[in-house]
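> Mind looking over this structure? Questions follow.
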Amino acid sequence: MAKDPVRVLVTGAAGQIGYALVPMIARGVMLGSDQPVILHMLDIPPAAEALNGVKMELVDAAFPLLKGVVATTDVTEACAGVNIAIMVGGFPRKEGMERKDVMSKNVSIYKSQASALEKHAAANCKVLVVANPANTNALILKEFAPSIPEKNISCLTRLDHNRALGQVSEKLNVQVCDVKNVIIWGNHSSTQYPDVNHATVKTPAGEKPVRELVADDEWLKGEFIATVQQRGAAIIKARKFSSALSAASSACDHIRDWVLGTPEGTWVSMGVYSDGSYNVPTGLIYSFPVTCRNGEWSIVQGLGIDEYSRKKLDLTAEELSEEKALAYSCLS
Ligand code: NAD
Ligand code: LMR
């Protein structure tokens, strides 16, 4: 029997991530090739005509799984009955801007959209915040939508996770699908800690630790970490726009694994509300290694954290605490 359609909201849908993301959702990349969807697309009035153009293209692409499109500048209409909300809308970082510069523009958007989601989305709606500062926007959304369970609010660090997989695969000249269990700890910013201490590679002789295969501590602690931390800025420098196709693809990965589950023996990175695991302060949305089952994520427990890693985990937590204070000062 055909499944009922799932309603997926994409805010900022006329923007560049939105333009890459909506066809992926309509094609089944996010929720599976047997899952019909109804797309809700929100943007602001100056982008209304462009948004309508995206709607026209979705109709023209004749996606078999796409059962309806709502394209609107009205946040209430956009949020009505949505099961999944991908929050991309906001002001993007331009070349030369620090992420903190975009804070004041974006946290007030997330405060007001929190209320709209709380009032109008379906019960148990899952929320993924992509717009920067992603962790802090997600935290503001959580704080101003107290009736949405905190386990339902997340932010995107899967792009950083995928970037780390990509860097290891290039270094070792192995397929990216054979690399797994890297971790992104902390903030989606240049203080994030890409950690390969528990990562492995599938080889003809079985699974091997990345640390054993790379055996170049200088690269792992230097170029590897810096490349992943700075990749967003490198793409802005090269394209003059922030990453879009990789961000859209990673957003699909994030929701797919959350809803359909992570493969056995594999974890992924998600920005989620800290419960104090690994001595990360509560009250922050922080990226952890997680596994997902039955539509729920759980933080992977018991991983060894050496002294070097501990400092990195704490540093990015400190930045998130500062961002939180700054966000509240922008709202007051
Ligand atoms: P963009 O400027 O192309 O698109 C943003 C869209 O949001 C625009 O169409 C704009 O009109 C719309 N918008 C602005 N205010 C809005 C509001 N109040 N409600 C609804 N829509 C609104 O930007 P983009 O390149 O698509 O990037 C979107 C965001 O994603 C940026 O904040 C960017 O920094 C962030 N980003 C995050 C990651 C990540 O991994 N977390 C990766 C890449 C980009
Ligand atoms: C990215 O990681 O590509 C983006 O978050 C960069 C940015 O600041 O928009």
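> For the stretch 6-155, what is the convex hull volume of the alpha-carbon atoms per residue, in Å³?
Value for the stretch 6-155: 101 Å³ per residue.
> Rank by packing, highest mean first: peptides 299-305, 78-84, 286-292, 255-261, with packing defined as the count of other Cβ atoms within 10 Å averaged across residues.
Those peptides, ordered most packed to least, come out 286-292, 78-84, 255-261, 299-305.
> Nearest 5 is fine: what % of DSSP beta bridges in the chain come out antiparallel, could you say?
About 50 percent, rounded to the nearest 5.
> Taking Rh as the Kirkwood radius computed over C-alpha pairs, what is the Stokes-Einstein D of the stretch 200-293 at 20 °C in a medium of viscosity 1.002 mPa s, expressed in µm² per second?
The diffusion coefficient I find is 133 µm²/s.
> Now a separate question. So if I take the centroid of the Cα atoms in the stretch 201-259 and the same for the stretch 272-289, what is the distance between those two points in Å?
21 Å
> If you don't mind, there's one more thing I want to ask. Normalised by the empirical 2.2 N^0.38 Å for globular proteins, what value does the Cα Rg of the stretch 129-217 take?
That ratio works out to 1.34.
> Still on this structure, please answer the following. Can you give the net charge of the other residues whose Cβ lies under 12 Å from the Cβ of Pro64, counting K and R as +1 and D and E as -1?
Summing Lys and Arg as +1 and Asp and Glu as -1 gives +1.
> Something else: Could you sort the peptides 202-215, 157-170 by per-residue average Cβ neighbour count (10 Å cutoff), highest mean leading?
In descending order of packing, they fall as 157-170, 202-215.
> List every residue whose amide H lies under 5 Å from the amide H of Gly261, counting only residues 5 or more places away in sequence or on a different chain, with H placed 1.01 Å from N in the peptide plane.
Amide H neighbours of Gly261: Gly295.
> Roughly how compact is the chain, stated as its Cα Rg over 2.2 N^0.38 Å to two decimals?
0.96
> Could I ask something else about it? Explain nothing, just the number: dipole magnitude of the chain about its Cα centre with +1 on each Lys and Arg Cβ and -1 on each Asp and Glu Cβ, in debye rounded to the nearest 20.
Here the size comes out at about 420 debye.
> Need one word for the stretch 157-328: rounded, prolate or oblate. Basis is the Cα gyration tensor (sqrt eigenvalues a ≥ b ≥ c); a/c below 1.5 gives rounded, then a/b vs b/c decides.
Because its axes are fairly even, with a/c under 1.5, the stretch 157-328 counts as rounded.
> Moving on to the next point. Determine the dipole magnitude for the stretch 43-125: charges of +1 sit on the beta-carbon of Lys and Arg, -1 on that of Asp and Glu, nothing else is charged, the reference point is the Cα centre, and the result goes in debye to the nearest 20.
In total the dipole reaches around 320 debye.
> Sticking with this one: Which whole-Hz ³J(HN,Hα) couplings does the stretch 182-197 yield from phi under the Karplus relation 6.51 cos²θ - 1.76 cosθ + 1.60, θ = phi - 60°, glycine and proline marked x?
Taking θ as phi minus 60°, the curve returns 5, 9, 9, 9, x, 8, 7, 7, 6, 8, 3, 10, x, 10, 10, 4 Hz for the stretch 182-197.
> If you don't mind, another one. Using only Cα atoms and rounding to the nearest 10 degrees, what angle (0 to 90) does helix 158-172 make with the longest principal axis of the chain?
Once rounded, the angle reads 40 degrees.
> Another question about this same structure. Among Val70, Val6, Ile153, pick out the residue whose Cα is farthest towards the positive end of the charge dipole of the stretch 6-155, where Lys and Arg carry +1 and Asp and Glu carry -1 on C-beta, about the Cα centre.
Comparing the listed Cα positions along the dipole, Ile153 ranks first.
> Output ³J(HN,Hα) for the stretch 30-37: one whole-Hz value per residue in order, computed from phi by the Karplus curve 6.51 cos²θ - 1.76 cosθ + 1.60 with θ = phi - 60°, and x for Gly and Pro.
7, 10, x, 7, 10, 10, x, 9
> Between helix 225-239 and the chain, what is the angle of the helix's C-alpha long axis to the longest principal axis, kept within 0 to 90° and rounded to the nearest 10?
Approximately 40 degrees, to the nearest 10.
> Give me the distance between the Cα centres of the stretch 171-186 and the stretch 67-85, rounded to whole Å.
Taking the Cα centre of the stretch 67-85 as reference, the centre of the stretch 171-186 is 36 Å away.
> What's the ranking of 102-109, 119-126 by average number of surrounding C-beta atoms within 10 Å, highest first?
102-109, 119-126
Read-outs throughout are calculated quantities, based only on the coordinates presented, and are distinct from any laboratory measurement. Small disclaimer: the values here were computed from a predicted structure and weren't measured. When we count neighbours, we look across all protein chains shown, and the Cβ atoms used for this are built from the backbone with ideal geometry, even at glycine.
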